[in-house]
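I have placed the structure first, in the form of structure tokens, so that the comments after it can refer back to it.
The values are calculated or read from the model by the stated rules, or taken from the named source; none is laboratory data. Keep in mind that what you see is a predicted model, and the values were worked out from it rather than measured. Positions of Cβ are backbone-derived with ideal geometry, glycine not excepted, and every protein chain shown enters the neighbour counts. Areas reflect the complete protein model, heavy atoms only, side chains present, ligands, DNA and RNA absent. Shrake-Rupley method; radii C 1.70, N 1.55, O 1.52, S 1.80 Å.
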Amino acid sequence: MNLDNLYREIIMEHYKNPRNKGLLDDERYHKIRIKNPSCGDDITIQTLVEDDIIKDCRQEATGCSISVASASVLTEIMIGKPVEEALSLAENFLNMVSNKEFNHDMDLEEAEVFSGVKQFPARIKCASIAWVAFKDSLESE
Ligand code: ZN
């Protein structure tokens with residue numbers, strides 16, 4: 001199995017079994033919703049920060065497989081991370097999928113599966129939405 005197939009399989013697995021799905025009615029969480037009209041993606045990310053650590057990260061995502069899987073992978077990676085590290089990971093991920101300069105030494109964990117998206121300009125937004133919403137949720141106080 002080549003890497004592209006493996007990555008596609010991981011994306012489909014997250015699409016079918018999204019992690020940390022469902023929003024909480026808890027005002028300690030910060031919530032950001034972003035839509036991508038060009039492909040019907042509708043993503044909401046909720047974050048809970050305590051002592052500069054991402055204590056929890058929830059998502060509610062509908063749309064294409066890339067956008068839904070991206071939200072799922074994001075939540076898994078971010079829970080437990082210090083805020084500063086989480087922000088630089090998100091920045092690095094967004095640069096990677098946009099085909100910009102990014103830090104290859106930084107471990108993007110399972111989010112590496114989206115590295116091929118840069119070859120498909122129409123899908124860059126799909127992969128990015130959850131990560132932009134995540135960053136916005138941390139920056140909205
Ligand atoms: Zn999409």
Flag if Ile54 is assigned to a strand (DSSP E or B), surrounded by 15 or more Cβ atoms within 10 Å (Cβ to Cβ) and more than 15 Å from the ligand (Cβ to nearest atom):
yes
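Residues checked against (1) within 20 Å of Val113 (Cα to Cα); (2) in a helix (DSSP H, G or I); (3) within 12 Å of the ligand (Cβ to nearest atom):
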{"position": "Ile43", "(1), (2), (3)": "yes, no, yes"}
{"position": "Ala61", "(1), (2), (3)": "yes, no, yes"}
{"position": "Ser72", "(1), (2), (3)": "yes, yes, no"}
{"position": "Glu76", "(1), (2), (3)": "yes, yes, no"}
{"position": "Gly80", "(1), (2), (3)": "no, no, no"}
Pairs returned, first residue in the stretch 46-70 that is on the phi > 0 side of the Ramachandran plot, second residue that is near the ligand (Cβ under 9 Å from one of its atoms), beta-carbon separation under 8 angstrom, 6 or more apart or interchain, are Gly63/Asn36; Gly63/Cys39; Gly63/Gly40; Gly63/Asp41; Gly63/Cys126
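Take the conditions out of contact with any Lys or Arg (no Cβ under 9 Å at 6 or more places or on another chain) and either within 16 Å of the ligand (Cβ to nearest atom) or among the hydrophobic types (A, V, I, L, M, F, W, C) (or both) and apply them to Leu24. Does it pass?
On the way: out of contact with any Lys or Arg (no Cβ under 9 Å at 6 or more places or on another chain): no; either within 16 Å of the ligand (Cβ to nearest atom) or among the hydrophobic types (A, V, I, L, M, F, W, C) (or both): yes.
No.
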Pick from the stretch 9-35 the residues that are in contact with a Ser or Thr (Cβ under 9 Å, 6 or more places away or on another chain) and assigned to a loop (DSSP other than H, G, I, E, B): which of them is surrounded by the fewest Cβ atoms within 10 Å (Cβ to Cβ)?
Asn17
Leu3 is checked against (1) hydrophobic (A, V, I, L, M, F, W, C); (2) over 21 Å from Lys55 (Cα atoms); (3) within 16 Å of the ligand (Cβ to nearest atom) and fails just one. What number does that condition carry?
(3)
Search the stretch 36-51 for residues being open to solvent by 30 Å² or more (accessible area, probe 1.4 Å) and in contact with a helix residue (DSSP H, G or I) (Cβ under 8 Å, 6 or more places away or on another chain), and hand back the single one that is modelled with the highest pLDDT.
Val49
Give me the pairs: first residue in the stretch 87-109 and more than 21 Å from Ile45 (Cβ to Cβ), second residue modelled with pLDDT under 95 and surrounded by 14 or more Cβ atoms within 10 Å (Cβ to Cβ), beta-carbon distance under 7 Å, and six or more apart or on different chains, which are they?
Asn99/Lys118
Filter the stretch 98-141 down to the residues that are among the aromatic types (Phe, Trp, Tyr) and within 16 Å of the ligand (Cβ to nearest atom) and list them by number.
Phe114, Phe120, Trp131
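Within the group Ala90, Ala86, Ala69, Ala61, which residue is touching a Pro at 6+ places or on another chain (Cβ under 7 Å), surrounded by 15 or more Cβ atoms within 10 Å (Cβ to Cβ) and of a type in the set (A, V, I, L, M, F, W, C)?
Working: Ala90 fails: touching a Pro at 6+ places or on another chain (Cβ under 7 Å); Ala86 fails: touching a Pro at 6+ places or on another chain (Cβ under 7 Å); Ala69 fails: touching a Pro at 6+ places or on another chain (Cβ under 7 Å).
Answer to the check: Ala61.
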